[in-house]
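Here's the structure we're looking at; comments come further down.
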Amino acid sequence: MSSQIADKLRVFPWFWAVIVPCLTFFLISGLLKGQSGGYQSNARVDSIVGQVKSYNDAVQSFRDKYNALPGDMAEAGKILPGCTGDNGADCNPHAATAGDRIVGRIDLSKSWKEQANAKTHVPAVSAADESVLFWSHLRKAELIAGIAESVADGVPFAFGVTHPAARIGGGFIVGHLDGSPLPKSLAPKYSGIKGTSLLLVSDEVLRGEAEMNEAEKQAITPLRAGQIDRKLDDGRTGTGYVQAYGSPDCFYSKKSETLYSKFLFWWRNYSPDEGEYNEVSEKKSCGLIFRIAD
């Protein structure tokens, strides 16, 4: 009996001598892999920050020159170059809402899906078509690139054609927010944004194949969303001019903490609280909203 115990004691140190270095190797390798992979992602973060700023500048330039919001400018076909139809009618917003200083429907937070999950109407038949004309007006004013110069009636919405693609994945839609909070199922800490706003959405959301809060079907990870928010605003999911929406995984919650996430928080010397991004998640669970005009 004593010899068996002695044998086990001799094996025990060798067991840990093999296991501990292996575990350490895989742990450090994983962390270094994430760090090295982050350099390219950080470049994309900087790129999309520049992209959002360029759209903000384009809208301000358009307003300064034409005293109107792109997409909402009455009789745009008589003013902007390259407009087709009778007297450029294909560039004109719907007469009932043209010039009301609202791009698209009155409240994007309730109607955005109808604006996004659609085909072009040329000429416009409703206020929702202003959300496509917005990009077309900026393109014809030579303030942006990245979309088609003109599109025909009935063209399915697509990034790079009717809407600009984002350099980090997905792309942008636009509309007017009235300041009311989004449903908690989309953004638990969202305080509301008022004004013309961009939404960063995934291809699946644009095509109507995924909801705004569907897990792993959004445009970016919480880490990238947090990085973008910190560069442009306050870095919190539900306050300021940049706010988040998405699946529950996008948002930090103590209830959702795991041993792995606790370890990563400790490793990064980071103590998140409610209202922040769940930056340990690698799932594409976030979208972002950017206010760009009153």
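Where does each of HIS94, HIS163, HIS137, HIS176 land when they are ranked from fewest to most other beta-carbon atoms within 10 angstrom?
Lowest count first: HIS94, HIS163, HIS176, HIS137.
Quick one: LEU138, LEU200, LEU232, fewest Cβ neighbours within 10 Å first, how do they rank?
By the 10 Å Cβ count, ascending: LEU232, LEU138, LEU200.
For labels at VAL125 and VAL161 in the simple 7 Å Cα→Cβ model, what's the distance in nm?
Rounded to a tenth, the inter-label distance reads 1.8 nm.
Can you list the HN-Hα couplings for the stretch 58-67, worked out from phi with the Karplus curve (6.51, -1.76, 1.60; θ = phi - 60°), rounded to whole Hz and with x for Gly and Pro?
Ordered by residue, 3J(HN,Hα) equals 4, 5, 5, 5, 4, 5, 5, 7, 10, 6 Hz.
Cβ neighbours within 10 Å, averaged per peptide: list 45-54, 282-291 in order, most packed at the top.
The peptides rank, most packed first, as 282-291, 45-54.
List the pairs from LYS65/LYS119; LYS53/LYS78; LYS194/LYS283; LYS119/LYS140 whose alpha-carbon separation is above 26 Å, in the order I gave them.
LYS65/LYS119; LYS53/LYS78; LYS194/LYS283
How long is the gain from ASP203 to ASP46 if the chain were fully straight, where each residue apart is worth 0.36 nm and the alpha carbon distance is subtracted?
54.4 nm
³J(HN,Hα) across the stretch 127-132 via Karplus (A = 6.51, B = -1.76, C = 1.60, θ = phi - 60°), whole Hz, x for Gly/Pro?
Karplus-based 3J(HN,Hα) across the stretch 127-132 equals 4, 4, 5, 5, 5, 8 Hz.
Return THR120, THR221 ranked ascending by Cβ neighbour count within 10 Å, so the fewest neighbours appear first.
Fewest-to-most ranking of THR120, THR221: THR120, THR221.
Taking 25 Å as R0, compute the FRET efficiency from the Cβ-Cβ separation of SER61 and ALA96 and round it to 0.05.
Working from the Cβ atoms, E equals 0.35.
Coordinate-derived values only; no laboratory data. Values in this document were obtained by computation on a predicted structure and should not be read as measured data. Virtual Cβ from ideal backbone geometry, glycine too; neighbours counted across all protein chains shown.
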